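Working notes, structure below.
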Amino acid sequence: MCRKKGIEYGISAVSQLIDQGYSIQYSIVGGGPLEEKLRTMIQEKHLEKHIHMLGWKTQNELIDIMKKAHIILLPSVTSQDGDMEGIPVLLMEAMAMGKIVVSTYHSGIPELIRHNDNGFLVEERDVEGLVRTLQIVITTPENWQRITENARKTVLEDFNIERLNNQLIDLFKGNYSK
């Protein structure tokens with residue numbers, strides 16, 4: 001796990017929701033330099049029954065984990081050295097699978113997610129915003145179908161590799177509007 005994933009903000013938000021009585025299981029996939037710090041954070045907040053650090057997984061294992069999830073939370077942040085994500089493939093995969101995604105106004109993510117249309121966005125490092133957004137998502141399942149359908153449509157129409165390749169080929173051939 002690296003700082004730009006913002007996992008510590010996700011843990012803090014989930015912790016607050018659990019304190020408010022929400023029944024949540026939060027699975028964190030991956031490893032890296034922040035793993036021990038995050039494990040300590042989970043232990044200090046006594047969240048071992050709710051937050052599970054699963055370590056590195058293969059692509060197939062990750063897909064199986066996402067199939068079981070209702071919400072995919074990726075609160076990306078800009079690191080202190082300015083490092084940022086582009087558009088995380090994980091979010092595109094989750095949206096294509098019809099999952100609710102919650103992320104941040106970070107780098108290229110708003111090009112993929114339109115707040116309250118095909119997913120949800122909050123400001124970077126905004127734990128309270130994550131808590132409020134997750135509360136809204138959890139308590140309004142009647143909106144899930146609309147949002148997940150929009151999410152699938154966005155990925156299929158706007159982030160389809162074959163379609164993007166054809167557009168690039170057209171540009172190379174000079175077939176574009178000026």
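Remarks
- Condition check for residue 148: open to solvent by less than 50 Å² (accessible area, probe 1.4 Å), more than 22 Å from residue 13 (Cα to Cα) and at pLDDT 95 or above: yes
- Candidates are the residues of the stretch 25-48 that are among the β-branched types (Val, Ile, Thr) and within 16 Å of the chain's Cα centre (by Cα); the one that is surrounded by the most Cβ atoms within 10 Å (Cβ to Cβ) is 28.
- Any hit, the stretch 164-177, residues being under 16 Å from the mean Cα position of the chain (by Cα), of a type in the set (Gly, Ala, Ser) and over 21 Å from residue 25 (Cβ atoms): no
- Hey, residue 22 open to solvent by less than 50 Å² (accessible area, probe 1.4 Å) and among the hydroxyl-bearing types (Ser, Thr, Tyr) or not: no
- Check on residue 15, closer than 26 Å to residue 137 by Cα, open to solvent by 30 Å² or more (accessible area, probe 1.4 Å) and among the hydroxyl-bearing types (Ser, Thr, Tyr): no
- Search result, residues across the stretch 68-97 that are among the small types (Gly, Ala, Ser) and surrounded by 15 or more Cβ atoms within 10 Å (Cβ to Cβ): 69, 76, 94, 96
- Evaluated against (1) in contact (Cβ under 8 Å) with a residue 40 or more places away in the chain; (2) of a type in the set (A, V, I, L, M, F, W, C); (3) under 20 Å from residue 8 (Cα atoms), residue 156 falls short on exactly one condition, (3).
- Put simply, of 138, 100, 113, 109 the only residue that is modelled with pLDDT of 95 or more and surrounded by fewer than 18 Cβ atoms within 10 Å (Cβ to Cβ) is 138.
The values are calculated or read from the model by the stated rules, or taken from the named source; none is laboratory data. Here the structure is a predicted model, which is why all the values come from computation and not from measurement. Don't worry about glycine lacking a Cβ; one is built from the backbone with ideal geometry, like all the others, and counts go over all protein chains shown. Only protein heavy atoms, including side chains, enter the accessible area calculation; ligands, DNA and RNA are left aside. Shrake-Rupley method; radii C 1.70, N 1.55, O 1.52, S 1.80 Å.
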